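Enquirer: There's a structure below that I have some questions on.
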Amino acid sequence: MGLLAVWNVLMYRYTGQKDIITGSPIAGREHADLEDQIGFYVNTLALRNVIDPEENFDTFYRRLKDKTLKSYSHQMYPFDRLVEELALARDTSRSAVFDVMLVLQNAGEKRGIVDGMTIGFNEITDQGYSASKFDIEVMLQEEGDYLSLTIVYNSDVYERAVVEGLMHHYKQLLNAVLEHPETKLLQIDYLSEKEK
């Protein structure tokens with residue numbers, strides 16, 4: 001939820017929009033009878049949060065956490081039905097409700113090597129072509145004592161340099177809110193000295 005909160009703040013700072021909707025997959029195995037079954041039960045939650053620029057990060061995080069926990073109670077509600085009931089204009093080239101999917105992989109064996117390659121903390125590696133259902137898919141994976149960040153993006157919408165900057169800004173914003181959670185969202189600094 002902290003990672004989602006920081007993402008929301010970054011999207012606000014990038015766009016100036018205060019109403020942010022981010023998709024997130026959820027296991028969909030809420031019922032005890034489904035725990036040992038084989039099958040794909042993943043559903044998508046559309047997590048909508050409103051930014052108050054005068055609020056500090058700590059307050060925003062607590063509010064987002066409460067709202068997200070309440071959203072989990074609706075995890076069995078099919079995302080496709082939500083889209084139908086919203087009666088949104090459909091464009092098959094875009095997601096109907098949100099453009100960004102945020103995924104945290106925190107299950108399974110923790111390791112520092114992926115596909116035979118050591119993951120560097122400050123390293124950005126082009127993994128080549130990958131299809132994305134969304135404009136941006138942000139995937140965070142627990143790797144030993146740290147998180148790796150992978151972004152899959154629609155190259156018709158974003159250029160590589162923009163996505164690399166986004167990755168650096170996300171990391172810098174994470175550090176900024178950890179050091180100064182009492183700072184107002186409007187004033188949180190995520191730019192490097194060189195960018196300033």
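Enquirer: Could you count how many residues in the range 80-93 are part of a helix (DSSP H, G or I), of a type in the set (A, V, I, L, M) and open to solvent by 90 Å² or more (accessible area, probe 1.4 Å)?
Expert: 0
Enquirer: Further, regarding this structure: Hey, residue 96 hits all of (1) at pLDDT below 80; (2) in a helix (DSSP H, G or I); (3) among the small types (Gly, Ala, Ser) but one; which does it fall short on?
Expert: (2)
Enquirer: Is the range 163-180 home to any residue that is part of a helix (DSSP H, G or I), farther than 14 Å from residue 9 by Cα, open to solvent by less than 70 Å² (accessible area, probe 1.4 Å) and among the hydrophobic types (A, V, I, L, M, F, W, C)?
Expert: Checked the range 163-180: at least one residue is part of a helix (DSSP H, G or I), farther than 14 Å from residue 9 by Cα, open to solvent by less than 70 Å² (accessible area, probe 1.4 Å) and among the hydrophobic types (A, V, I, L, M, F, W, C).
Enquirer: Is it true that some residue in the range 72-79 is among the polar types (S, T, N, Q), part of a loop (DSSP other than H, G, I, E, B) and modelled with pLDDT of 75 or more?
Expert: Yes, the range 72-79 contains at least one residue that is among the polar types (S, T, N, Q), part of a loop (DSSP other than H, G, I, E, B) and modelled with pLDDT of 75 or more.
Enquirer: Would the range 36-57 turn up any residue that is modelled with pLDDT under 75, in a helix (DSSP H, G or I), surrounded by fewer than 16 Cβ atoms within 10 Å (Cβ to Cβ) and of a type outside the set (Phe, Trp, Tyr)?
Expert: no
Enquirer: Within the range 184-196, restricting attention to residues that are over 10 Å from residue 9 (Cβ atoms) and assigned to a loop (DSSP other than H, G, I, E, B), which residue is least open to solvent (accessible area, probe 1.4 Å)?
Expert: The qualifying residue least open to solvent (accessible area, probe 1.4 Å) is 192.
The values are calculated or read from the model by the stated rules, or taken from the named source; none is laboratory data. Computed from a prediction, not measured in an experiment: that's the story for all the values here. Cβ coordinates were reconstructed from backbone atoms using ideal geometry, including for glycine residues, and neighbour counts include every protein chain displayed. Heads up: the accessible areas ignore ligands, DNA and RNA and are worked out on the full protein's heavy atoms, side chains in. Shrake-Rupley method; radii C 1.70, N 1.55, O 1.52, S 1.80 Å.
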